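After the C-alpha cells below, expect a handful of questions from me.
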Amino acid sequence: NSGVMSLLRPLLLDVVPTIQQTAALALGRLANYNDDLAEAVVKGDILPQLMCSLSEQNRFYKKAAAFVLRAVGKHSPQLAQAVVQCGALEMLVICLEDFDPGVKEAASWALGYIARHNSELSQAVVDAGAVPLLVLCIQEPEIALKRIAASTLSDISKHSPELAQTVVDAGAIAHLAQMILNPDAKLKRQVLSALSQIAKHSVDLAELVVEAEIFPVVLTCLKDSDEYVKKNGATLIREIAKHTPELSQLIVNAGGVAAVIDCIGSCRGAVRLPGIMMLGYVAAHSENLSMAVIVSKGIPPLCACLIEEHEDHIKAAAAWALGQVGRHTPEHARAVAVANVLPTLLAMYMDTRSSEDLQMKATLKNILQKCTYLPALEPLLHDAPPNIMKHIVGQFSKVLPHDSKARRLFVTTGGLKKVQEIKAEPGSLLQEYINAINNCYPEEIVR
C-alpha cells in the first residue's frame, strides 16, 4: 500500500550486488504472500528487469531471482504464463546447469511451480529443455536438490501420457527407482509421487515402472514411519494395479496385497485411501484376484474403515472396494456378508446425511445379486428400501426352492412373515419374487 514495489524495482539494477539481491528477495517475499501482490509484480514490469540482470550476476542473485519467479508463478496458471512470457524458462534452464547446487535447486523449484498448473505450461517447461537437466539433478549428491528435482519431474509427468513419456525418455525411471530405499523420508515421498504420476497414465508406462524392479522394494515404504511415504507408496501400487489383471497379479505375487492390507490396518484417515482403492482395483479384475484379497484377510480392515472413518469419501471408497470383492460369485459375496457389513452399508445408503457418492457406492446391489448366504440377508428384510428390497427378496426366491433347511429357518425367524408385509406392485419383479417364495410353502403357512 505504501508503494514499496515501485521503490524496489530500480534497486534490482543497483550497482551494489547485495542491494540487488536483497531487493529481489523482498519482491519474492511479497509475491509469495498472495496472488494480488504477485499480480502487482507482473503489472509493475518487474520480471523483465529481473531477467536482464540475471545473466551476468552471481549465484546469490540467481537464487533470489529464481525465488521471485517461483513466488509469482505458483499462484495461478495466468501468473505462471506471465513468467513464461518474460522469457524466464530459458534463464531457469541455464541455472539448472550452474555449478552451485543452491542455484540449481532454486531453478528446479521455480520450474516445478510453473509446470504443475496444466499441460500447456508443463509442455513449455519440457520444450525449454528442462527434463534431461532435472534427471541429472536427481543424481547430484545434495539431498535438497534431489528432492526438488524429483518433485518437479512429478509435476511435469502428471498431466498427460505424452509429458510422462518425455520424462521416461530422459531415463528418469531407473534413477528414481534407485532412490526408493533412500533413508531421507522427504526424498522418498517425492520419488514415489513421481513414479506414481508416470505409472498412472497407461499400461505401457506402468510396465516400464515395474520393469525398474520396484517390487518388492516399494513394499517397505508401506511400513515407513512417515505417513506421506506410506500414502505415496500405496498410491504408486494402486496406479499400477488399476491397469490390468496381469499387473495386479504381479503385485499379488510380490506380496503386495498383504502389505497393503497391513498398511490399512495400521493407519488412520486419508493415508488409508489409496490402499483401500488399490484393493478395490485388484478385486475388480477377476474372481481369482478378488479371492486373493479375501484370502489375505482384506475384508475386516475394509469393514473397519467403514466404521472408523469420519470422511464420507473414505467410507465411499471402502464401500466400493467391498462391492468389487463381493460381486463375482456366491462364494465371494458370502465372504463379504459373513463379515456382518451389509447392515452397515445399508444404514449408510439410507442415511440422509451421507454424501451422494457414498450412497451410490453403498448400494448393496453388486453383492446382493450374488449372495446366497441367507442368514446375512435376513436382517436386511426389515429395513431395506424398495429398490434394494427387490434384490434381497430375489435372492431368497432363488435359494429357498432348493434348500429345505433354509425354508424352515425362514419361517421360524419371521422372514416369511416379513415378506407378506411387503407392498409390491402387481406384476412387478418384486411381486414375482414374493410369489416364488410363497410357492415354496403350503398355503396355510403363508396365510
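The values are calculated or read from the model by the stated rules, or taken from the named source; none is laboratory data. Note that the structure is a prediction, hence the values are computed from the model and not measured. All Cβ positions, glycine included, derive from the backbone under ideal geometry; neighbour counts span all protein chains shown. Calculation scope for accessible area: heavy atoms of the full protein, side chains included, ligands and nucleic acids excluded. Shrake-Rupley method; radii C 1.70, N 1.55, O 1.52, S 1.80 Å.
Can you send over the solvent-accessible area of Lys188, 1.4 Å probe, protein chains only, in Å² to the nearest 10?
Roughly 30 Å² of Lys188 is accessible to a 1.4 Å probe.
Compute the distance in nm between two label points, each set 7 Å from the Cα along the Cα-to-Cβ direction, one at Gln369 and one at Cys267.
Reported label-point gap for Gln369 and Cys267 is 3.4 nm.
Further question on the same structure: Over 19 Å apart: what share of the alpha carbon pairs of the range 381-446 falls there, rounded to a whole percent? Let's see the in-between values first.
Working: 471 of 2145 pairs.
Roughly 22 percent, rounded to a whole number.
Further question on the same structure: Restricting to DSSP H runs of at least four residues, report the calculated mean residue ellipticity at 222 nm for the chain, -39500 (n - 2.57) per run over all residues, nearest 500 deg cm²/dmol.
-21000 deg cm²/dmol
Moving on to the next point. Taking the Cα centroid of the range 43-85 and of the range 205-283, what is the distance between the two, rounded to the nearest whole Å?
If you average the Cα positions of each part, the centres end up 39 Å apart.
Taking only Cα atoms and a 10 Å spring cutoff, compute GNM fluctuations for the chain and point out the largest among Arg29, Arg327, Arg147.
Of Arg29, Arg327, Arg147, the Gaussian network model singles out Arg29 as fluctuating most.
Any chance you could get the radius of gyration and Dmax over the Cα atoms of the range 287-444, in Å?
So, for the range 287-444, Rg and Dmax equal 16.0, 50 Å respectively.
If you wrap a convex hull around the Cα atoms of the chain, how much volume per residue is inside, in Å³?
Given the Cα convex hull of the chain, per-residue volume reads 164 Å³.
Say we join alpha carbon atoms closer than 10 Å with springs in a Gaussian network model of the chain; which of Ile276, Ile314, Ile156 then has the biggest fluctuation?
Per the Cα network of the chain with a 10 Å cutoff, Ile314 tops the list.
A further question on this structure: Which distance in nm do the two modelled labels at Val15 and Cys52 give, with both placed 7 Å along the Cα-to-Cβ direction?
1.8 nm
Still on this structure, please answer the following. Measure off, as a whole percent, the carbon and sulfur share of the 1.4 Å-probe accessible area of the range 381-446, all protein chains present.
Its accessible area is 53 percent carbon and sulfur atoms.
Then there's this: Run the paramagnetic zone check for Tyr441: 7 angstrom along Cα to Cβ, then residues of the range 388-403 with backbone nitrogen under 13 Å.
What the label zone holds, given the 13 Å backbone N cut-off, is 397, 400-401.
Now for a separate question. At 20 °C and 1.002 mPa s, grab the translational diffusion coefficient of the range 106-244 from Stokes-Einstein with a Kirkwood Rh over Cα pairs, rounded to a whole number in µm² per second.
This corresponds to a translational diffusion coefficient of 148 µm²/s.
Of the cross-linked pairs Lys297/Lys365; Lys74/Lys231; Lys62/Lys231; Lys200/Lys390; Lys390/Lys417; Lys63/Lys223, which ones have a Cα-Cα span greater than 27 Å in the structure shown? Kindly include the intermediate steps, with their values, before the conclusion.
Values: Lys297/Lys365 23 Å; Lys74/Lys231 24 Å; Lys62/Lys231 35 Å; Lys200/Lys390 39 Å; Lys390/Lys417 16 Å; Lys63/Lys223 37 Å.
Beyond 27 Å between Cα atoms: Lys62/Lys231; Lys200/Lys390; Lys63/Lys223.
Tell me the GluC sites (Glu not before Pro) within the range 10-102 that lie in a loop according to DSSP and have at most 10 other beta-carbon atoms within 10 Å.
Numbers: sites: Glu39, Glu56, Glu90, Glu97; in loops: Glu56, Glu97.
In loop regions of the range 10-102 (DSSP not H, G, I, E or B), the sparsely surrounded GluC sites (Glu not before Pro) are Glu56.
Take every Cα pair under 8 Å in the chain that's 6+ residues apart, average their separations, divide by the length, and report that relative contact order as a whole percent.
Once normalised by length, the contact order is 7 percent.
Next question. Roughly how many Å² is the accessible area per residue of the range 135-204, as a whole number, for a 1.4 Å probe?
Per-residue value: 37 Å².
If you don't mind, another one. Under a crude label model (7 Å from the Cα following the beta-carbon direction), how far is Ser160 from Glu432 in nanometres?
About 4.9 nm, to one decimal.
I've got another one for you. Taking R0 as 51 Å, what's the FRET efficiency between Thr244 and Asn1 from their Cβ-Cβ distance, rounded to 0.05?
It comes to 0.30.
Follow-up question, since we're still on this one. Accessible area per residue for the range 381-446 in Å², computed with a 1.4 Å probe and the full protein assembly in place, what is it?
Averaged over the residues of the range 381-446, the accessible area is 57 Å².
I need the calculated FRET efficiency for the pair Thr352 and Asp226, taking r as the beta carbon distance and R₀ as 35 Å, to the nearest 0.05.
About 0.35, to the nearest 0.05.
Arrange the residues Leu25, Leu322 by how much accessible surface each exposes, largest first, with a 1.4 angstrom probe.
Working: Leu25 65, Leu322 0 Å².
Listed by decreasing accessible area, they come as Leu25, Leu322.
Restricting attention to the range 342-426, which trypsin sites (Lys or Arg not before Pro) occupy a DSSP loop and are surrounded by at most 15 other Cβ atoms within 10 Å? Present the calculation step by step, with values, prior to reporting the outcome.
Working: sites: Arg353, Lys361, Lys365, Lys370, Lys390, Lys398, Lys405, Arg407, Arg408, Lys417, Lys418, Lys423; in loops: Arg353, Lys370, Lys423.
Of the trypsin sites (Lys or Arg not before Pro), the ones in loops of the range 342-426 whose Cβ has at most 15 other Cβ atoms within 10 Å are Arg353, Lys423.
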